[in-house]
Amino acid sequence: MKNRFSYIVTLGLVSCLLAVHSCRKMDIKMTTTGDVNIVGYLEKYPDSFSLFKQILDRTETSAFLNAYGAYTCFAPTNSGVKAWLSKVGAANVDAANLETLKDPVKFHLITDTLTTSNFKDGKLPIPTMFGQYLITGVSNKESVSSFIINRQALVTKSNIRVGNGFIHQVDHVLEPSTVSLVKQLEAKPEYSIFVQAIKETGFYDRLNTVDPDTSKRWLTLLAESNQALADSGITSYAALKAKYSKTGNPANANDSLHMYVAYHILDGVKFLGDIISAPAHQTLQPQEVVTTQLLNTNVVVNEDEFNGVLEKGVTLIRSTSDNAATNGVWHDGAHFTVKYRAPTAVYWDVSTFTEIMKMPANYKKPASRLPVRVKQINRSKMCIGVGDHWRARTSSPIATAPAPV
Amino acid sequence: MKNKLIYTCLLAASLGMSSCNKWLELRPQDGIVREEFWKTKEQVDAAVTGIYASMMGSGTNNLPPLPEYLFIWGEARTDMVIPGFRASASENDIVNWNILPTNTFANWRPVYETINYCNTVIALAPGVMKNDNTFTQDHLNRALGEAHAIRALMYFYLVRTFKEVPLKLTATISDEDVKPMAKSGADSILNQIELDLKTAEPMVPTTYSNIDRDKGRVTRYTVNTILADVYLWREKYAECATECNKVINSGNFGLVGTTSSLFDALYYRGNSAESIFELQFDAQRLNSFHSIFISTTRRWGAAAHLMDEVFGQDALNSPPLEDKRGNGCSLRSNDGTIWKYVGADDNGTSLRAPDQSFAHWIFYRYADVLLMKAEAINQLNQPLEASRLVMNIRQRAQALEVGVPMDSTSKESMEEFILAERQREFAFEGKRYYDVLRNAKRNKFLNLRYMTDMVGISIPKERQQVAFNKLKDENALYFPIYLYELQSNKLLEQNPFYK
């Protein structure tokens with residue numbers, strides 16, 4: 001009896017012991033952060049992104065977008081994807097041709113983290129995984145401003161920070177351009193004269209090829225519409241040819257019509273935002289540049305003061321410029337051509353460079369200390385002019401200026 | 001067995017009795033708890049002084065002091081400054097009009113900290129009357145008036161910078177007071193500001209019989225001036241002119257530096273007869289401007305076009321005539337140093353030493369009152385009278401003719417001229433952005449061009465079009481709410497432009 005009692009007690013104790021020590025699940029965090037990655041975020045909001053997520057799954061991009069890395073993803077919402085699917089004639093994501101899905105997906109991804117701080121007038125600093133650049137801007141509708149990507153989609157939610165980059169929610173699918181510079185122009189009848197000049201001068205192939213080597217691929221074309229040419233009194237290709245083609249063979253590199261076309265093609269992909277950030281750009285015409293500047297918010301080409309005379313430039317039209325193509329970008333502007341300059345002597349003030357000009361205490365003030373003797377300049381046969389103060393002081397000894405503060 | 005039980009009980013009892021009550025004391029040893037504070041009038045005074053001290057830089061967080069915020073909010077988006085080589089990413093983003101919710105200068109915490117000091121005085125100072133018989137009603141009113149006025153000033157900065165902010169009017173004394181809070185509309189905030197200032201006006205004295213206190217603490221004239229600024233912002237021009245007249249007619253203020261050095265009196269020595277309210281930095285409490293402006297660690301410099309296009313340069317006379325506010329006062333032209341806060345003389349030769357960096361932050365001065373009145377009466381169709389006030393300011397500074405000359409017959413042209421004169425007069429005093437915004441938003445953004453013209457100068461070329469289109473959205477003219485605030489206060493809604 002006593003044995004039986006102790007048996008029960010022991011059994012009870014053991015079971016208590018087991019109950020207390022029963023395997024309590026330890027909650028150990030296996031991840032360093034609870035942040036989701038790009039695909040994780042899309043999964044979290046199926047109402048907005050279920051279709052885009054499906055596209056990522058079908059094109060097998062979800063796997064790497066959910067892994068470690070630095071990406072920027074422009075994620076179109078479901079309504080945007082639906083609109084695009086009906087545009088390409090697919091009933092749903094699974095029905096769409098796999099190849100037509102792949103390119104747009106790559107066009108929505110950039111292998112870097114870009115916030116809206118990087119959005120300027122013109123292209124993003126890094127091309128998309130598809131290879132083309134996205135252009136950014138801000139559009140204002142009914143006094144609400146929002147970022148616009150590639151002139152196709154508005155950013156409706158920006159700078160969503162996820163584990164492997166940033167997501168910007170956009171309201172439409174971004175579509176890369178599928179045709180080359182010259183094909184885009186050819187499709188527009190209002191550029192027929194300029195396109196014919198391109199064909200006759202032999203630049204057509206150059207403007208039509210998409211070089212697999214991205215360092216050689218990009219060109220920028222400053223196109224002139226028929227209207228722009230008509231404003232300069234050129235109403236047909238024949239008139240253009242008559243005006244410029246002196247050798248009769250536009251394909252000849254020494255022909256002025258050939259030069260005219262070459263002068264409208266710049267190396268590299270230069271959106272208006274890039275054009276205004278440099279004072280001059282090399283053209284395909286050897287040793288000829290176009291100068292560019294921003295005058296009262298207008299992008300003006302070739303407005304220069306030459307020999308004291310201001311030569312008016314031509315304006316690139318913002319609303320019809322910045323058109324991206326597979327091999328570059330083209331802009332729309334008024335008529336201009338290469339300027340012929342006879343060789344001439346150039347005189348300049350040796351002290352007119354910005355570092356000196358920014359010091360009003362010293363610039364153009366008499367008495368400066370420079371390590372050049374006036375006599376040496378006079379004796380030399382070099383064709384240079386000197387600053388006013390130098391000329392004024394040729395006969396007196398060089399004084400020491402008070403030390404700049 | 002029985003004994004064992006008794007011994008155990010005894011031991012337990014003895015341990016329980018002699019337990020050291022000293023170490024279970026929960027009061028902090030390095031501070032004073034509220035129950036022991038708020039007993040005497042001296043403690044009320046200390047709390048009021050704490051409000052002013054909090055504006056000079058807070059001890060409780062590592063954020064920059066308030067004047068640095070006010071400088072950046074008021075100048076960074078304008079054509080007055082360019083970022084220096086040490087400017088942070090946040091600062092460059094503000095210049096480029098790319099302010100993200102993570103921008104450190106969108107963090108309004110230092111302002112709310114000062115507001116909470118004001119709220120605490122307003123909540124707890126009246127209770128001291130019961131404990132301290134020597135604490136008079138007048139003394140209490142003074143403390144409450146100062147707190148109300150500073151709270152109004154802080155909310156005025158917030159409403160002009162963020163447009164909509166939470167309107168917290170009760171003190172946060174313990175953790176239980178920390179509750180999520182939604183934003184209030186700009187109008188209800190501005191109504192509260194007016195109410196606070198009208199409450200404060202009769203409570204604060206006209207003078208504290210000491211020049212430094214008169215400039216460093218809120219007087220009745222400070223309240224009138226802030227109120228004038230608020231009325232001007234709300235387009236209540238007659239009321240604005242009335243408040244300005246109260247200050248002008250007091251006869252306590254005048255323009256300094258007509259015969260002597262303007263820089264020396266106004267900025268180097270500080271607390272001049274012109275000053276109405278300024279933050280009293282001194283050798284014990286330095287401002288943070290020295291490292292921001294000196295060339296070796298520069299975060300902010302003067303914009304390059306200021307001498308040519310804003311202050312003007314004289315090419316006809318020898319020696320050339322100079323606007324007193326230009327080179328050697330607002331800035332040093334040969335290296336673009338912002339001179340008001342770091343200069344030590346008006347020839348632009350010597351800088352303040354780092355341990356002498358206590359140029360005061362001037363909230364308001366008499367010239368501001370004159371120009372506010374000019375702006376108000378010009379809007380009431382008195383451009384000629386407005387032009388006379390502007391001439392006072394120009395003659396004092398020996399201003400040069402720059403740009404479009406003053407036309408005292410046209411309201412529109414005077415409006416633009418007063419704005420330009422304010423740019424010269426209050427260069428780098430944290431006012432430019434608010435001045436341009438106030439003039440641009442007048443009559444439902446009739447003159448948005450003031451804003452676009454200004455941004456056209458300051459923005460990098462390749463960002464111009466983007467910025468112009470952003471400006472067309474009113475919400476883009478205000479800062480976003482800081483991300484941390486959004487995460488910790490779920491009732492807050494982000495400014496729609498920054499979504």
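Estimated from the Cβ-Cβ distance and a Förster radius of 25 angstrom, the FRET efficiency linking A:ASP231 and A:THR291 is about 0.70.
Average projected area of the Cα convex hull of the protein assembly as shown, in nm²? Each step should come with its number before you reach the end.
Numbers: hull surface 241.2 nm².
Averaged projected area of the protein assembly as shown's Cα convex hull equals 60.3 nm².
Would you work out which of B:LEU384, B:ASN191, B:ALA397 lies farthest towards the positive end of the dipole of chain B, given +1 charges on the beta-carbon of Lys and Arg and -1 on that of Asp and Glu, about the Cα centre? Result: B:ASN191, furthest along the dipole toward the positive end.
Determine the total buried accessible area between chain B and chain A, counting protein heavy atoms only with a 1.4 Å probe; round to the nearest 100 Å². The partial results should precede the final answer.
Details: alone 22350 and 23550 Å², together 43780 Å².
Roughly 2100 Å².
Computed with a 1.4 Å probe over protein heavy atoms only, the accessible area of B:LYS499 comes to about 110 Å².
To the nearest 20 Debye, how big is the dipole of the protein assembly as shown about its Cα centre, given +1 on the beta carbon of each Lys and Arg and -1 on that of each Asp and Glu? Intermediate values should be presented prior to the final figure.
Working: 98 positive and 95 negative charges, 358 e Å.
Charge dipole, the protein assembly as shown, about its Cα centre: 1720 debye, nearest 20.
Helix A:46-58 and the long axis of chain A differ in direction by around 80°, with both axes built from C-alpha atoms. Phi angles of the stretch A:301-308 translate, via the Karplus equation with coefficients 6.51, -1.76, 1.60 and θ = phi - 60°, into HN-Hα couplings of 9, 6, 9, 9, 9, 10, 6, x Hz per residue; Gly and Pro are given as x. Report, in degrees rounded to the nearest 10, the 0 to 90 angle that the Cα long axis of helix B:66-75 makes with the longest principal axis of chain B. With both axes taken from Cα atoms, the answer is about 30 degrees.
Which order do you get for A:ARG318, B:ARG34, B:ARG438 if you rank them by accessible area with a 1.4 Å probe, largest at the top? Intermediate values should be presented prior to the final figure.
Working: A:ARG318 60, B:ARG34 110, B:ARG438 5 Å².
So the residues, ranked largest to smallest area, are B:ARG34, A:ARG318, B:ARG438.
Could you please state how large a percent of the accessible area of the protein assembly as shown is carbon and sulfur, counting protein chains only and using a 1.4 Å probe? Carbon and sulfur together cover 55 percent of it. P(r) tail for chain B: Cα pairs beyond 35 Å make up 36% of the total.
When you restrict to C-alpha pairs under 8 Å that are six or more residues apart and normalise by the size of chain B, the relative contact order lands at 19 percent. Take the Cβ atoms of A:ALA278 and A:ILE356, set R0 to 22 Å, and the FRET efficiency comes out at 0.45. Taking amide H positions as modeled 1.01 Å from N, with prolines and chain starts lacking one, the residues under 5 Å from A:VAL170 and 5 or more places away or on another chain are A:ALA75, A:THR77, A:THR156. Here the calculated FRET efficiency for B:ASP132 and A:ARG161, from their Cβ-Cβ distance with R0 = 30 Å, stands at 0.05, rounded to the nearest 0.05.
Between B:ALA89 and A:THR115, the modelled labels are 0.6 nm apart [label points 7 Å from Cα along Cα→Cβ].
Computed extension gain for B:GLU235 through B:ARG285, at 0.36 nm per residue and net of the alpha carbon distance, reaches 14.3 nm.
Remark: the stretch A:190-202, residue by residue, has Karplus-estimated 3J(HN,Hα) of 6, 10, 4, 5, 5, 5, 5, 4, 5, 5, 5, 8, x Hz, where x stands for each Gly or Pro and the curve is 6.51 cos²θ - 1.76 cosθ + 1.60 at θ = phi - 60°.
Binning all Cα-Cα separations of the stretch B:134-287 at 10 Å, short to long from zero, yields these whole-percent fractions: 10, 32, 35, 19, 4, 0. 3J(HN,Hα) along the stretch A:141-150, derived from phi through the Karplus expression 6.51 cos²θ - 1.76 cosθ + 1.60 where θ = phi - 60°, amounts to 10, 6, 6, 10, 9, 8, 5, 10, 10, 6 Hz, with x in place of Gly and Pro. A cut-off of 5 Å between modelled amide H atoms, ignoring neighbours fewer than 5 places along the same chain, links B:TRP300 with B:GLY84. Rounded to the nearest 20, the size of the Cβ-charge dipole of the stretch A:38-170 about its Cα centre is 260 debye, with Lys and Arg at +1 and Asp and Glu at -1.
For A:ARG151, B:ARG442, what's the largest-to-smallest order of accessible area, 1.4 Å probe? It would help to have the intermediate numbers written out before the result.
Numbers: A:ARG151 115, B:ARG442 5 Å².
Ranking A:ARG151, B:ARG442 by accessible area, largest first, yields A:ARG151, B:ARG442.
Packing order of peptides B:63-74, A:126-137, highest average first: B:63-74, A:126-137 (average count of other Cβ atoms within 10 Å over each peptide's residues). The angle separating the long axis of helix B:383-397 from the principal Cα axis of greatest extent in chain B is about 80 degrees.
Of A:ASP213, A:ASP304, A:ASP47, which has the largest mean-square fluctuation in a 10 Å C-alpha GNM of chain A? Of the options given, A:ASP213 has the highest mean-square fluctuation.
Would you please classify the overall shape of the stretch A:172-218 from the alpha carbon gyration tensor, given that a ≥ b ≥ c denote the square roots of the eigenvalues, rounded means a/c under 1.5, and beyond that prolate means a/b larger than b/c while oblate covers the rest? Taking the square roots of the gyration eigenvalues as a ≥ b ≥ c, the stretch A:172-218 is oblate. When a/c reaches 1.5 or more, the comparison of a/b and b/c decides; with that in mind, is the stretch A:243-312 rounded, prolate or oblate per its Cα gyration tensor? In terms of gyration-tensor shape, oblate.
Please get the size of the charge dipole for chain A, origin at its Cα centre, with Cβ charges of +1 on Lys and Arg and -1 on Asp and Glu, quoted in debye to the nearest 20. Could you put the intermediate results ahead of the total?
Values: 42 positive and 35 negative charges, 307 e Å.
That gives chain A a dipole magnitude of about 1480 debye.
For A:SER143, put the label point 7 Å out on the Cα→Cβ axis and report which residues of the stretch B:451-495 keep their amide N under 12 Å from it. Answer for this model: B:472-476.
B:GLU243 contributes an accessible area of around 10 Å² to the protein surface, as traced by a 1.4 Å probe with all chains present. Our helix-only sum for chain A, with -39,500 (n - 2.57) per DSSP H run of n ≥ 4 divided by its residues, gives a mean residue ellipticity at 222 nm of -8500 deg cm²/dmol. Going from the chain on its own to the full set of protein chains, the stretch B:315-355 has these residues losing 50 Å² or more of accessible surface (heavy atoms, 1.4 Å probe, no ligands, DNA or RNA): B:ASN334. The listed residues B:MET55, A:MET357, once ranked by accessible area (1.4 Å probe) with the largest placed first, stand as A:MET357, B:MET55. Would you be so kind as to list the residues of the stretch A:144-158 that have their accessible area lowered by at least 50 Å² in the full protein complex compared with their chain by itself (1.4 Å probe)? Residues of the stretch A:144-158 that lose at least 50 Å² of accessible area once the other chains are added: A:SER145. The modelled label-to-label distance for the pair A:ARG151/A:LYS312, using points 7 Å beyond Cα in the direction of Cβ, is 2.7 nm. Once a ≥ b ≥ c are taken as the square roots of the eigenvalues of the Cα gyration tensor of chain A, is the result rounded (a/c under 1.5), prolate (a/b larger than b/c) or oblate (a/b not larger than b/c)? Cα axes put chain A in the oblate bin. Over the protein assembly as shown, accessible surface divided per residue gives 48 Å², non-protein components excluded, 1.4 Å probe. When the other protein chains are added to the chain by itself, burial of at least 30 square angstrom of heavy-atom accessible area (probe 1.4 Å, ligands and nucleic acids ignored) affects these residues of the stretch A:101-124: A:SER117, A:LYS120, A:ASP121. Note on chain B: helix-only mean residue ellipticity at 222 nm, from DSSP H runs of 4+ residues weighted -39500 (n - 2.57) and normalised by residue number, equals -14500 deg cm²/dmol. Residues whose amide H comes within less than 5 Å of that of B:SER275, counting only those at least five positions distant or on another chain, are B:TYR366 (H built at 1.01 Å from N in the peptide plane). For A:TRP348, the solvent-accessible surface with a 1.4 Å probe is about 130 Å², rounded to the nearest 10. With label points built 7 Å along Cα→Cβ from the Cα atoms of A:ILE126 and A:ASP47, find their separation and express it in nm. Those two pseudo-labels are separated by 3.2 nm.
The values are calculated or read from the model by the stated rules, or taken from the named source; none is laboratory data. What you see is a predicted model; the values in this text were computed from it and never measured. FYI the Cβ positions are ideal-geometry reconstructions off the backbone, even for glycines, and counts take in every protein chain you see. The area values use the complete protein model at the heavy-atom level, side chains included, leaving out ligands, DNA and RNA. Shrake-Rupley method; radii C 1.70, N 1.55, O 1.52, S 1.80 Å.
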